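The values are calculated or read from the model by the stated rules, or taken from the named source; none is laboratory data. Here the structure is a predicted model, which is why all the values come from computation and not from measurement. Glycine gets a Cβ as well: all are built from the backbone with ideal geometry, and neighbour counts include every protein chain shown.
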Amino acid sequence: MGMAAVLSRAACFIGIIFMGYGLRRLGFFKPEDFHVLSKVVLKITLPAAIIVSFAGKEIDPSMLVLCLLGLAGGLIYIGAGFLMNRKAPGEKKAFEILNLSGYNIGNFTLPFVQSFLGPSGVVITSLFDTGNAVVCLGGAYSAAAMAKGEGKGLPVVQIARTLIKSVPFDTYMIMTVLCLFGIRLPEQALSFAGIIADGNAFMAMLMIGVGFNLSGDKAQTGTIIRLLAVRYGVAVLLSAGFYFLLPMALEYRQTLAILVFAPIASAAPAFTADLKGDIGLSSAMNSISILISICCIVAVVGMVL
């Protein structure tokens with residue numbers, strides 16, 4: 001897949017978002033349909049996509065350090081969300097923690113890596129995404145719930161409970177263990193998962209489009225600009241650090257330099273809905289981050305390859 005094909009795929013993602021938004025404006029989708037779509041993505045299509053992405057991959061235990069890097073990247077954003085909102089109301093603090101954290105890798109960034117770095121890049125990306133999953137599929141949600149005052153019990157226990165209840169995270173863990181021990185799922189199971197996984201990117205982008213609602217309010221615009229400035233400012237620092245400072249092979253550093261520019265996790269609007277936050281603002285941020293990430297990733301690919 002060349003650059004033109006990658007950009008074409010990215011344009012298709014944006015087109016699906018606009019389609020979802022347009023269909024909602026025309027009355028085909030109702031605002032409450034967002035919740036149904038988010039459940040389909042989180043509990044059905046995303047887990048299937050995870051199974052397919054790990055199928056047949058061989059993982060060396062030493063490569064698990066990539067999981068820690070994916071986790072660390074997300075924790076930095078959670079920490080930034082807390083620090084930026086030390087004196088803010090719980091609802092605002094929860095929204096910013098949740099919508100700063102996590103990377104949309106499986107639905108969006110993986111095609112870029114696959115096209116330029118091949119199978120080795122896919123394995124590196126999958127392991128990084130496993131660590132990232134701790135944050136975007138449960139960790140950030142737990143931190144946000146506690147910031148809002150809805151979390152119960154010790155933080156570690158609350159996060160563990162949230163992660164255990166997360167179908168995508170459980171899928172990541174199971175598939176990582178299976179790959180470490182060289183256990184392959186039956187072909188029938190992979191074929192079934194593959195059919196469902198083919199619809200994951202479409203469903204995730206459609207969900208974001210249906211939830212998109214930018215009122216034009218100055219407070220909304222200011223929040224988006226501030227959060228995305230922090231998001232991509234940190235990404236620039238992480239990308240440079242990974243590429244120039246990590247004692248790893250070149251293909252690892254190239255892949256990591258690209259991954260940190262992934263858009264905000266596609267699950268963020270769904271989790272925002274669960275916390276009764278501003279779904280429209282979350283979806284707007286998510287959509288805009290996709291546009292910014294396309295530009296950033298293309299630029300980084302040109303510099304590191």
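Just one of (1) surrounded by 16 or more Cβ atoms within 10 Å (Cβ to Cβ); (2) among the charged types (D, E, K, R); (3) in a helix (DSSP H, G or I) fails for Lys39. It is (1).
Of Pro47, Pro61, all but one fail to be within 27 Å of Gly121 (Cβ to Cβ), surrounded by fewer than 16 Cβ atoms within 10 Å (Cβ to Cβ) and not hydroxyl-bearing (Ser, Thr, Tyr); the exception is Pro61. I'd like to check something: does region 247-264 contain any residue that is out of contact with any strand residue (DSSP E or B) (no Cβ under 9 Å at 6 or more places or on another chain), under 21 Å from Ile14 (Cα atoms) and modelled with pLDDT under 90? No: zero hits.
Restricting Gly302, Gly233 to residues that are in a helix (DSSP H, G or I) and at pLDDT below 85 narrows the list to Gly302.
Of the residues Phe95, Phe116, Phe128, the single one that is more than 15 Å from the chain's Cα centre (by Cα), closer than 26 Å to Phe202 by Cα and surrounded by 24 or more Cβ atoms within 10 Å (Cβ to Cβ) is Phe95. For beta carbons closer than 8 Å, sequence separation of 6+ or different chains, a first residue in region 74-90 that is without any contact (Cβ under 8 Å) to a residue 60 or more places away in the chain and among the hydrophobic types (A, V, I, L, M, F, W, C) and a second that is assigned to a helix (DSSP H, G or I) and surrounded by 15 or more Cβ atoms within 10 Å (Cβ to Cβ), the qualifying pairs are Ala88/Glu96. Contact map, region 150-179: first residue modelled with pLDDT of 70 or more, second residue among the acidic types (Asp, Glu), Cβ cut-off under 9 Å, separation 6 or more or different chains; pairs are Leu163/Asp170; Ile164/Asp170; Tyr172/Asp129; Cys179/Glu58. If only residues of region 246-277 that are touching a Ser or Thr at 6+ places or on another chain (Cβ under 7 Å) and not hydrophobic (A, V, I, L, M, F, W, C) are counted, the one that is surrounded by the fewest Cβ atoms within 10 Å (Cβ to Cβ) is Glu251.
To keep it simple, each residue is scored yes or no on (1) exposed (fewer than 13 other Cβ atoms within 10 Å of the Cβ); (2) in contact with a strand residue (DSSP E or B) (Cβ under 9 Å, 6 or more places away or on another chain); (3) not in a helix (DSSP H, G or I).
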residue: Ala10; (1), (2), (3): no, no, no
residue: Arg24; (1), (2), (3): no, no, no
residue: Phe29; (1), (2), (3): no, no, yes
residue: His35; (1), (2), (3): no, no, no
residue: Val52; (1), (2), (3): no, no, no
residue: Gly70; (1), (2), (3): no, yes, no
residue: Ile76; (1), (2), (3): no, no, no
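Within region 207-239, being among the aliphatic types (A, V, I, L, M), surrounded by fewer than 22 Cβ atoms within 10 Å (Cβ to Cβ) and touching a helix residue (DSSP H, G or I) at 6+ places or on another chain (Cβ under 7 Å) holds for Leu214, Ile224, Leu228, Val230, Val234, Leu238.
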